[in-house]
Amino acid sequence: MKNKGFKSGVLTCLLGVILVFGLSVQSVAAQKVAKEKKFVLEWLSQPQIVEKFGRISDSIWSYAELGLQEYKSAKLLADTLEEAGFTVERGLAGMPTCFVGTYGSGKPVIGILGEYDALPMLSQKGRVPKQDPVIEGAPGHGCGHNTMGTAGISAAIAVKEAMDKYGFKGTIKFFGSPAEETVISRPHMIRAGLFDDVDAVIDNHSSSGFGTSYGRGGNALFSTVFSFKGRTSHGASPWGGRSALDAVEIMNVATNFLREHLLFSYRMHYVILEGGEAPNVVPDKASVWYYVRNSDERLEDMYERVINCAKAGALATGTELSIRVITAIHQRYANKAAAELFQKNIELVGMPEWTEEENAFAKALQKELGRPERGMSTRVGRLREPGGVFVGGGSSDVGDVTLIAPTATIRFPGQVPGTIGHHWSSVATNYGTTAWKGLNAGAKSMAASAIDLLTRPKELQKLRDEFEAQAKQHPYKPFLPEDVAPPLDLNEELMKKWRALMEKFYIEDK
Ligand SMILES: [Zn+2]
């Protein structure tokens, strides 16, 4: 993207000031905004900045790379940081698509997390309010991770610009985190010591609303492939055979009976990866991939019972069982002081203003999904407190990060309310100007929060004190077994197949 020159820069800066502060006059009046914070908000409000990062997000959306195969997405984000003056280390923690960008020096060290992996089977055209894949069956960004890595780097670069202008001390780090959809990278990044010097972490996730929360949430998880090895034989004279597929089926029957005896906080789901190729050859190889989820306290017990179901399948069929842990993670423990600080900045930034065309798209998508046709969200959310009874839910490897540094997540807007997660409707909405504006609002709230943490030691201390107390109660002990390496092969074949077909639809800015 070309710089449009100083004059227009000043003009857009002024427009930006009006845009940022015009939207949230009340909250600005209530808060005295420090000059460093004002600066990052103005810097991010420049239309050419909104567009530059919007186009990066759209490019990553078009690459739609699966976990640990995000070569183009990681490169685009890392190159952008490097061009902005960050020192970038690539290929970290045993993952070619993991990187860290660093700017500044000394304490405090503030981290921003960013993700960029896509989901399988969700290909969909951007801003088209009915199911219409770019390529039938190809991956798609059904969780908005294309906007998240981009929001993270734009926030980090804004903070760097403020450091240059005002000369305050400290370090800003962006953690390029692959494979969040399969919750793989963070335990390895922690193990490699990447977070060792970090004082606080700002996480983000795309959403239709704008808000944050604190407390314990989400489920811990074991992601494991159970493989069975049997013996082939003719399907019409199968006496000599030992069916590995039978073992998978018996295991699945056993785990489905197990459900009755698990407390309601659990989640358990599986896909059969391999189950033979023809009915007249008894399958000698079969495998099933399980997600076993529960609270930190209940996870290991549940996992052991699932392993017993697998053993039962092997025993009943005379096959051999092998177990491969893909990943294992903790629940999230979001820091309250961090969330309170983020919330103030979310209110300061306020919701983006949506155009008529953007609201019309939102309503058309909502109509297609049978949801109330209310258009884009217009108000920021309230700070969410932890719920009373833990009923389980999704998982994120950010959980492990919350146990080694004070962390909370900013949910930023851009998605159409009512879209379904991990569904074509989500892919349709994570592209184009609604996504651009949403990720820009997210970047502003992150940059403003990073400024607070870098320039106001008392604020940072609140996060640290709460974290130290929590760390005494829940010291970090990874669920990930020590001998498990990042599963670099996991999506390799699948991505190779799709990449060849997807390449001609890549949106490239440079
Ligand atoms: Zn996600």
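The values are calculated or read from the model by the stated rules, or taken from the named source; none is laboratory data. Small disclaimer: the values here were computed from a predicted structure and weren't measured. Reconstructed Cβ throughout: ideal geometry from the backbone, glycine too, with neighbour counts over all protein chains shown. Each accessible area value is taken on the protein alone, full model and side chains, heavy atoms only, with ligands, DNA and RNA left out. Shrake-Rupley method; radii C 1.70, N 1.55, O 1.52, S 1.80 Å.
Search the range 261-275 for residues being of a type in the set (A, V, I, L, M, F, W, C) and farther than 19 Å from Val325 by Cα, and hand back the single one that is most open to solvent (accessible area, probe 1.4 Å).
By that ranking, first place goes to Phe264.
If I filter the range 70-89 for residues that are open to solvent by 40 Å² or more (accessible area, probe 1.4 Å) and in contact with an Asp or Glu (Cβ under 6 Å, 6 or more places away or on another chain), do I get at least one hit?
no
With the condition kept exactly as written, say whether any residue in the range 118-135 is within 12 Å of the ligand (Cβ to nearest atom) and at pLDDT 95 or above.
yes
Check Gly218, Gly230, Gly235 and return the single one that is over 24 Å from Pro486 (Cα atoms) and either buried (at least 16 other Cβ atoms within 10 Å of the Cβ) or free of Cβ contacts under 8 Å to residues at least 24 places away in the same chain (or both).
Just one listed residue meets the conditions, Gly230.
I need a count of the residues in the range 402-446 that are within 13 Å of the ligand (Cβ to nearest atom) and aromatic (Phe, Trp, Tyr).
Total meeting the criteria: 1.
For the range 185-229, enumerate the residues that are within 16 Å of the ligand (Cβ to nearest atom), in contact with a Gly (Cβ under 6 Å, 6 or more places away or on another chain) and not in a strand (DSSP E or B).
Once the filter is applied, which keeps residues that are within 16 Å of the ligand (Cβ to nearest atom), in contact with a Gly (Cβ under 6 Å, 6 or more places away or on another chain) and not in a strand (DSSP E or B), the range 185-229 yields Gly209, Gly218, Asn219.
Of the conditions (1) away from the ligand (no atom under 16 Å from the Cβ); (2) buried (at least 24 other Cβ atoms within 10 Å of the Cβ), Phe175 clears all except one; give me its number.
Every condition holds for Phe175 apart from (1).
Which residues, counting only those in the range 377-401, are within 17 Å of Asn294 (Cα to Cα) and within 16 Å of the ligand (Cβ to nearest atom)?
Correct list: Gly393, Gly394, Ser395, Ser396, Asp397, Val398, Gly399, Asp400.
Which residues, taken from the range 349-358, are surrounded by fewer than 23 Cβ atoms within 10 Å (Cβ to Cβ) and within 27 Å of Ala447 (Cα to Cα)?
Within the range 349-358, Met351, Glu353, Trp354, Thr355, Glu358 qualify.
Working only within the range 98-119, note down all residues that are open to solvent by 10 Å² or more (accessible area, probe 1.4 Å) and either within 30 Å of Gly137 (Cβ to Cβ) or part of a strand (DSSP E or B) (or both).
Matches in the range 98-119: Thr102, Tyr103, Gly104, Ser105, Leu119.
Please state which of the following conditions Glu508 fails to meet, knowing it meets all the rest: (1) farther than 30 Å from Val380 by Cα; (2) modelled with pLDDT of 95 or more; (3) open to solvent by 60 Å² or more (accessible area, probe 1.4 Å).
For Glu508, the failing item is (2).
Residue-by-condition table, conditions (1) assigned to a strand (DSSP E or B); (2) in contact with a Leu (Cβ under 9 Å, 6 or more places away or on another chain); (3) free of Cβ contacts under 8 Å to residues at least 60 places away in the same chain; (4) on the phi > 0 side of the Ramachandran plot:
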{"residue": "Pro386", "(1), (2), (3), (4)": "no, no, no, no"}
{"residue": "Thr409", "(1), (2), (3), (4)": "yes, yes, no, no"}
{"residue": "Thr419", "(1), (2), (3), (4)": "no, yes, no, no"}
{"residue": "Ser426", "(1), (2), (3), (4)": "no, yes, no, no"}
{"residue": "Tyr431", "(1), (2), (3), (4)": "no, no, no, no"}
{"residue": "Thr434", "(1), (2), (3), (4)": "no, no, no, no"}
{"residue": "Gly438", "(1), (2), (3), (4)": "no, no, no, no"}
{"residue": "Ser449", "(1), (2), (3), (4)": "no, yes, no, no"}
{"residue": "Lys458", "(1), (2), (3), (4)": "no, no, yes, no"}
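Is it true that Gly142 is part of a loop (DSSP other than H, G, I, E, B), touching a strand residue (DSSP E or B) at 6+ places or on another chain (Cβ under 8 Å) and either without any contact (Cβ under 8 Å) to a residue 40 or more places away in the chain or within 14 Å of the ligand (Cβ to nearest atom) (or both)?
So Gly142 passes the test.
Tell me yes or no: at least one residue of the range 149-164 is among the hydrophobic types (A, V, I, L, M, F, W, C), closer than 18 Å to Gln69 by Cβ and either within 14 Å of the ligand (Cβ to nearest atom) or within 12 Å of the chain's Cα centre (by Cα) (or both).
No.
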